[in-house]
Amino acid sequence: MKKGLRYLPYLLAAFAVSSNAAVIYQANDGSNIDLYGRLGFNVSDKKTGDTSGDFDARIGFSARQAINDKIAVIGFTQYQVNAAEYANNIKAEDPDDFTARYVWAGVDLAEYGKITGGRVSSGLIMFTDIGDVFASSDVAAARQANFIDPTAVQVFRQDGTIQYQNTFGNVDFSTAYILGNNSSDLDYGVNTAVRYTLDMGAAGKLQPVLVAQKSKASHDETSAQSDDNADEYTMWGAGSRYFIGDFMFGLLYSEDTVQYLDGRPDSTDKDYEATLVYSLTPEWWFRTGYRHLENEGGDELKLRDTTFEVQYKATTRSSVYASYSWRNGEAGKNRVTGSTVSFGGSDPADDYFHVGLRYEF
């Protein structure tokens, strides 16, 4: 048990945004600018079925300027090669271009919480991270958020968001109002997330999470929606992580629904996911998980993914990953265009492997 608790901080920070930040400026008043990044190379047959190699790069800055001992102005930006989304009307025409994942600024009010605005690090990550434990994974929970907000390729990164976050004892809380921008075509959006940490001593640690979001399209003449009849989006999810010894178990369930103006049936995703992470030593990590997603009334996408991954941490900042995903799903069909709907850039019926080298700084 003691060994597991010693490794627990590594597990919690394994995919953290700034776990290995390097200080590039620091003033006597506590103000600072941190640089962090990620470099890597991946070999996989995920995208096309043919084995190929892809460069992986991410760079970002976080900044903090102290106003007094209680208040500070904070900011954060992160760009990635071949990012899954675009932000602030920046879209990569070439996959090797850098595109924005996070861009936000705000105020840290110490025990009174944080207020941030922009493409924020959403509190919804407390939920999606339960299933997002693999180096090559794609987030399926709340998959349909971008039907209403084109900037929300993943629900926890949406343009024009104003968010409040705080911790009250064992409770982590966030709530946000989503204004959107010219690319969002939003009338409004709201979301909230709450997580409770229950420390049970020798029996481990439990972290249940609840999340919800609702958004509505404005249907402007300049709409960037792929289907302008998509009108309202609702999502809710419940899940938990359980830590004991050298193990972490995760379980989540989510539903998200899109309602349409033209009388078409609602499109509803129901997503179940289970994950397990095992720390054999500080260097060797093992992960496995299963995902079961089924769409009703929409594109009829089905996911049945079982993934197994091994990670070797050569140093505290560099790792080698190897994974294999057994997939038994079905591709969907876009109801407007009739085109095939894949997931993560590949047919959900095709297995794939992934081998990657990653260095973080």
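Given the options Arg304, Arg327, name the one that is buried (at least 18 other Cβ atoms within 10 Å of the Cβ) and either more than 30 Å from Gly60 (Cα to Cα) or among the acidic types (Asp, Glu) (or both). Outline the logic, then answer.
On the way: Arg304 fails: buried (at least 18 other Cβ atoms within 10 Å of the Cβ).
Residue meeting the stated conditions: Arg327.
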Inset, instruction - Would you mind stating whether Thr99 is part of a strand (DSSP E or B), at pLDDT below 85 and among the polar types (S, T, N, Q)? - result: yes
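Could you list, in sequence order, all residues of region 148-160 that are surrounded by fewer than 24 Cβ atoms within 10 Å (Cβ to Cβ) and more than 20 Å from Gly60 (Cα to Cα)?
Quick first cut of region 148-160, residues surrounded by fewer than 24 Cβ atoms within 10 Å (Cβ to Cβ) only: 150, 153-154, 160.
Passing the criteria: only Pro150.
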Inset, instruction - Write out, first by first residue and then by second, each pair whose Cβ atoms fall under 9 Å of each other, whose residues are 6+ apart or on separate chains, and whose first residue, in region 37-65, is on the phi > 0 side of the Ramachandran plot and outside any strand (DSSP E or B) while the second is crowded, with 18+ Cβ neighbours inside 10 Å and of a type in the set (Phe, Trp, Tyr). - result: Gly49/Tyr352
Inset, instruction - Could you identify the single residue in Met248, Met235 that is under 30 Å from Tyr36 (Cα atoms) and touching a strand residue (DSSP E or B) at 6+ places or on another chain (Cβ under 7 Å)? - result: Met248
Inset, instruction - Please name all residue pairs, on different chains or six or more residues apart, with Cβ atoms under 6 Å, provided the first residue is in region 196-223 and is of a type in the set (D, E, K, R) and the second residue is buried (at least 18 other Cβ atoms within 10 Å of the Cβ) and not in a strand (DSSP E or B). - result: Asp220/Asp185
Inset, instruction - From the list Tyr177, Tyr233, Tyr188, pick out the single residue that is touching a residue at least 12 places away in the same chain (Cβ under 8 Å), under 18 Å from Thr128 (Cβ atoms) and assigned to a strand (DSSP E or B). - result: Tyr233
Inset, instruction - Collect the residues in region 216-234 that are under 18 Å from Gly263 (Cβ atoms) and either touching a Lys or Arg at 6+ places or on another chain (Cβ under 9 Å) or not acidic (Asp, Glu) (or both), keeping them in residue-number order. - result: Lys216, Ala217, His219, Gln225, Asp227, Asn229, Ala230, Asp231, Glu232, Tyr233
Inset, instruction - Could you figure out which of (1) outside any strand (DSSP E or B); (2) crowded, with 17+ Cβ neighbours inside 10 Å isn't true of Gln163? - result: (1)
Inset, instruction - May I ask you to list pairs of residues, at least six apart or on different chains, whose Cβ atoms are under 7 Å apart, with the first in region 328-355 being closer than 20 Å to Ala141 by Cβ and without any contact (Cβ under 8 Å) to a residue 12 or more places away in the chain and the second being buried (at least 17 other Cβ atoms within 10 Å of the Cβ) and among the small types (Gly, Ala, Ser)? - result: Ser342/Ala331
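Applying the selection to region 175-199, what residues are more than 17 Å from Met235 (Cβ to Cβ) and either at pLDDT below 95 or touching a His at 6+ places or on another chain (Cβ under 8 Å) (or both)?
Leu179, Asn181, Asn182, Ser183, Asp185
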Legend entry - Out of Glu255, Glu273, Glu296, sole residue that is more than 20 Å from the chain's Cα centre (by Cα), among the acidic types (Asp, Glu), under 27 Å from Met126 (Cα atoms) and modelled with pLDDT of 95 or more: Glu296
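The values are calculated or read from the model by the stated rules, or taken from the named source; none is laboratory data. Bear in mind the structure is a predicted one, so any value in this text is a computation, not a measurement. All Cβ positions, glycine included, derive from the backbone under ideal geometry; neighbour counts span all protein chains shown.
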